[in-house]
Every structure is written in C-alpha cells, then in structure tokens.
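Asks: Have a look at the structure that comes next, please.
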Amino acid sequence: MLILKPNCECCDTDLPASAPNARICTFECTFCADCAEMRFDKICPNCGGNLVVRPIRPPENLISNPASSVRFNKDHPECANPSLIN
C-alpha cells in the first residue's frame, strides 16, 4: 500500500494527499516538484529512481484510509549545502 508522506523530504514543503506538485519514486521517497525538478533533475537522491507525479487518492479513499500524519524529513547533503547541487 502506498504511504503518502505529508511533506517534501528535502525542503519540508507541505504535500497533502491532493497536492498536484508532489513527486514520488519507486521506493516512495517524496519531494515537491521544485526540489525534484530543479535540485535533483527528477532523480531521487535516496535511491536513484525516477521521480514522477505522485498519484492522488480519490476523496472516498481518503475518508476510509487517511494519509499518514507522521512527518518525514531526511537529511540530504544537497539541501544542507546548496553548492553540491549540479
């Protein structure tokens, strides 16, 4: 089952379940469109997978199975040190 992470793992931007700017990779790493496209060139810094638009859950599924409220924020050298970004 897909676990929707509620924020970008790089810049901590809020990404609710209906966010059209959420990007996700094969291993469910989650980033906002700005980080995915501008910082990471659509390649996940965690696993190297392609970052694509995260699926949006239909409202009826959100009611019966709400998104996790757990906050995720991983440390990425690219976020801590912008000079490492290509």
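Asks: Is segment 5-27 home to any residue that is out of contact with any Gly (no Cβ under 6 Å at 6 or more places or on another chain), among the acidic types (Asp, Glu) and part of a strand (DSSP E or B)?
Replies: Scanning segment 5-27 turns up at least one residue that is out of contact with any Gly (no Cβ under 6 Å at 6 or more places or on another chain), among the acidic types (Asp, Glu) and part of a strand (DSSP E or B).
Asks: Hey, could you check segment 1-16 for residues that are crowded, with 19+ Cβ neighbours inside 10 Å and hydrophobic (A, V, I, L, M, F, W, C) and say which is farthest from Ser64 (Cα to Cα)?
Replies: Cys10
Asks: Determine which single condition Asp34 fails, assuming it passes every other condition in (1) at pLDDT below 90; (2) over 15 Å from Lys5 (Cβ atoms); (3) within 13 Å of the chain's Cα centre (by Cα).
Replies: For Asp34, the exception is condition (1).
Asks: Counting only residues that are at pLDDT below 85 and small (Gly, Ala, Ser), how many does segment 37-57 have?
Replies: 0
Asks: Moving on to the next point. In segment 19-34, which residues are under 17 Å from Pro58 (Cβ atoms) and in contact with a helix residue (DSSP H, G or I) (Cβ under 8 Å, 6 or more places away or on another chain)?
Replies: Correct list: Ala22 only.
Asks: Would you point out which residue out of Glu78, Glu60, Glu28 is surrounded by fewer than 19 Cβ atoms within 10 Å (Cβ to Cβ), modelled with pLDDT under 90 and touching a Pro at 6+ places or on another chain (Cβ under 7 Å)?
Replies: Result: Glu78 is the single residue among Glu78, Glu60, Glu28 that is surrounded by fewer than 19 Cβ atoms within 10 Å (Cβ to Cβ), modelled with pLDDT under 90 and touching a Pro at 6+ places or on another chain (Cβ under 7 Å).
The values are calculated or read from the model by the stated rules, or taken from the named source; none is laboratory data. This is a predicted model, so every value here is computed, not measured. Virtual Cβ from ideal backbone geometry, glycine too; neighbours counted across all protein chains shown.
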